[in-house]
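J.: Please find one structure pasted underneath; my questions will follow.
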Amino acid sequence: MKRLRIAIDGPGGAGKSTIARRVARALGIAYLDTGAMYRAAGLAAARQGLEPQDEAEIEALLETLDLTVVFDEEGQDICLDGERLGDQIRTPEASRWASDISRLPACRHKMVALQRRLASGQDLVMDGRDIGSYVLPDAEIKIYLDASLEERARRRLKQERELDPQATLESVARDLAWRDRQDSERELAPLVCTPEHHRLDSTANTADETTAAVLAWIYSQYPERIRSDQETGGANGG
Ligand code: DC
């Protein structure tokens, strides 16, 4: 079968990781959440007591950063110096740090090299901001997943409430809007919907509906990838 690398790009809270994970399961291929890698790098810098403007210190830290991606039944986890990070990278502070650190060329070069290495030997779904435009410009499928700021904030609030009881719809929307602007306006590999991306708006759709729409697009381009229910354990059904 021909290679299949699927890029899912879009702003925070659009549902990329939920959809990417389900699409990967339905197709029986790997899933890589690239945002988690920037989040882990940001957490490492925060743990050192650094500030986003301490660029020289962050660059020095990145040179020795021992960051690996672990794949298991749960999906993916990031290890920093051998420690599994789990949900520690999901706090609002980690989100801001991820966006800040991802602007630094030294950080992007390190992460992109690792992402390309992980994509080189296998079919996979990769989600992020610059996957179709920069990391895997030859990806066979490129999806841009969007949703209104209000809906994205509603979804994010549900996830963040468990980690931060103080979070409100307004605070989450403000953080998302700030990150959208910073991620889209940065110089190196910004968030962009290229003419090659198939754009989907998930504002009015459930995760099941959006997954089905993404799979329908992939199958329309690569019919040989359609798998039976037996192969997918029903993952193609919804
Ligand atoms: O997808 P996420 O919310 O976990 O991403 C966190 C931050 O990481 C995001 O605000 C920008 C950065 N990022 C990036 O620059 N490039 C990617 N491919 C993925 C994430």
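J.: Residue under question is K16, and the condition is that it be under 25 Å from R181 (Cα atoms), near the ligand (Cβ under 10 Å from one of its atoms) and buried (at least 18 other Cβ atoms within 10 Å of the Cβ); does it hold?
T.: On the way: under 25 Å from R181 (Cα atoms): yes; near the ligand (Cβ under 10 Å from one of its atoms): yes; buried (at least 18 other Cβ atoms within 10 Å of the Cβ): yes.
Answer is yes for this residue.
J.: Hey, another quick one. Can you work out which of the residues in the range 128-174 that are among the aliphatic types (A, V, I, L, M) and assigned to a helix (DSSP H, G or I) is farthest from the ligand (Cβ to nearest atom)?
T.: Filtering the range 128-174 for residues that are among the aliphatic types (A, V, I, L, M) and assigned to a helix (DSSP H, G or I), the one farthest from the ligand (Cβ to nearest atom) comes out as L169.
J.: Quickly run through the range 65-107 and pick out the residues that are within 9 Å of the ligand (Cβ to nearest atom) and either of a type in the set (G, A, S) or farther than 12 Å from A36 by Cβ (or both).
T.: Hits for the range 65-107 are A94, S95, R96, W97, A98, S99, D100, I101, S102, R103, C107.
J.: I'd like the full set of residues that are out of contact with any helix residue (DSSP H, G or I) (no Cβ under 7 Å at 6 or more places or on another chain), more than 10 Å from the ligand (Cβ to nearest atom) and charged (D, E, K, R), limited to the range 108-120.
T.: R117
J.: Which of (1) surrounded by fewer than 19 Cβ atoms within 10 Å (Cβ to Cβ); (2) assigned to a helix (DSSP H, G or I); (3) touching a helix residue (DSSP H, G or I) at 6+ places or on another chain (Cβ under 7 Å); (4) of a type outside the set (A, V, I, L, M) does D77 not meet, given it meets every other one?
T.: Of everything listed in (1) surrounded by fewer than 19 Cβ atoms within 10 Å (Cβ to Cβ); (2) assigned to a helix (DSSP H, G or I); (3) touching a helix residue (DSSP H, G or I) at 6+ places or on another chain (Cβ under 7 Å); (4) of a type outside the set (A, V, I, L, M), D77 misses just condition (2).
J.: So, I143, is that one within 19 Å of R3 (Cα to Cα) and in contact (Cβ under 8 Å) with a residue 60 or more places away in the chain or not?
T.: It is true that I143 is within 19 Å of R3 (Cα to Cα) and in contact (Cβ under 8 Å) with a residue 60 or more places away in the chain.
J.: Moving on to the next point. Consider only pairs whose beta carbons are under 7 Å apart and that are at least six residues apart or on different chains; among these, list those whose first residue lies in the range 181-208 and is within 16 Å of the ligand (Cβ to nearest atom) and whose second residue is among the aromatic types (F, W, Y).
T.: A189/Y134; C193/Y144; H197/Y144
FYI, it's all coordinate maths here, none of it is from the lab. Bear in mind that the values here come from a model prediction, so they are computed numbers and not experimental data. All Cβ positions, even for glycine, are placed from backbone atoms using ideal geometry, and neighbour counts span all protein chains on display.
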